[in-house]
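Here the structure comes first, spelled out in structure tokens, and everything after it is commentary.
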Amino acid sequence: MSIIIAKTDEEKRRRTWLLFLLPALFVYIAFMAFPLVNSMRLSLYTGKGLSPDQFVGFANYVELFSNPLWRDRFFNAIANTFIFFAVHMLVQNTLGLLFATLLASPLKGGSIYRTIIFVPATLAIVVTGFLWSLILNPRWGAVNKLLEAIGLEVLARPWLGDPALALIVISLVSSWQWVGLPTMMFLAGLMGIPDELLEAARIDGASAWQSFWRIKIPLLLPVIGIVSVLTFVGNFNAFDVIFAMAGSRGEPGYATDLLGTFFYRTAIAGEHPVAQPDMGIGAAVATLTFLILFVGVTLWLVSSRRQSYEL
């Protein structure tokens, strides 16, 4: 009798879980899975407008990799996107870990510092991009004016007009805006480390630096992995900060062009000099971007699982 009652209760719980999962599943299918599958389908078609209707198979992919108009811009956008991602990993996430370590220690006014670090993430990207464009203006921007005021006018640059600097500068602006997110995630991970472990390390004579590298970092590896994946996915979908600070063509001379802006031109705005959007080519770009993300995330999942087995 008790077994039957237990099975009945388990079935009720399953039905309850399913009832709560259905709305989220519907939203996921409608706004994530269906657009993804439809984008892959559109990459096999060509035609005018937002709904190409002429089936061409993999011709769009062949065109993308063979036509210099698309090929050169596509590989340039991939390279720039990887640079964009690398800067965020080195600057944004490293600073996030540093800030989280400082905030996790006894610090007077810690809540104020947390607010200061996180506030930029709450601002609209278009607004911050426009403000930083004004600050970096080569003629009357605050950065060059400050350099001139302290006698370092030789360092003044057209920050967004130099092809060698523009992408790095925009990446740093984006890192400044979003550093609060990894900071909060790292802080949550550090707060979850038992004090007993750190106290035992101090009793054994470990320095703060040794405790950081041999206790905190190993225990933070899952959080570091999650932050890295979120950074990877977010950067390969980046569009708005480039659009706000350098335009849809990734000026100067496509030096800041990312996969997001390249997709926007091919599928919506039209690539120069053709200036006519091609939804089939755009869908092919979107599909290839998804495959890059899929491979990158899969490699991380496989490596993290191997590390968990080794532990």
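The values are calculated or read from the model by the stated rules, or taken from the named source; none is laboratory data. All of these numbers come straight from a predicted model, not from anything done at the bench. Here Cβ is always computed from backbone atoms with ideal geometry, including for glycine, and neighbour counts include all displayed protein chains.
Here are some notes:
- From the options 266, 231, residue that is buried (at least 18 other Cβ atoms within 10 Å of the Cβ) and under 30 Å from residue 56 (Cβ atoms): 266
- Flag for residue 138 being surrounded by fewer than 16 Cβ atoms within 10 Å (Cβ to Cβ) and in contact with a Lys or Arg (Cβ under 8 Å, 6 or more places away or on another chain): yes
- Pairs, first of a type in the set (D, E, K, R) in the range 139-151, second loosely packed, with under 13 Cβ neighbours inside 10 Å, C-beta under 7 Å, six or more apart: none
- Residues of the range 203-223 satisfying the condition of being of a type in the set (Val, Ile, Thr), under 25 Å from residue 299 (Cβ atoms) and surrounded by 17 or more Cβ atoms within 10 Å (Cβ to Cβ): 223
- Single match in 173, 119, 127, 154 (criterion: of a type in the set (Val, Ile, Thr) and crowded, with 17+ Cβ neighbours inside 10 Å): 173
- Wholly within the range 186-279, helices (runs of 4 or more DSSP H) carrying at least 1 residues that are within 19 Å of the chain's Cα centre (by Cα) and either modelled with pLDDT under 85 or not aliphatic (A, V, I, L, M) (or both): 217-236, 240-246, 259-264
- Residues located in the range 241-250, provided they are out of contact with any Pro (no Cβ under 9 Å at 6 or more places or on another chain) and crowded, with 16+ Cβ neighbours inside 10 Å: 241, 242, 243, 244, 245, 248, 249, 250
- Count of residues meeting criterion [in a loop (DSSP other than H, G, I, E, B) and charged (D, E, K, R)] in the range 89-124: 1
- Total residues in the range 167-185, condition in a helix (DSSP H, G or I) and either β-branched (Val, Ile, Thr) or more than 29 Å from the chain's Cα centre (by Cα) (or both): 5
- Cβ pairs under 6 Å, 6+ apart, first in the range 155-166 and assigned to a loop (DSSP other than H, G, I, E, B), second polar (S, T, N, Q): 156/144
- Residue in the range 284-297 that is on the phi > 0 side of the Ramachandran plot, in contact (Cβ under 8 Å) with a residue 12 or more places away in the chain and crowded, with 22+ Cβ neighbours inside 10 Å present: no
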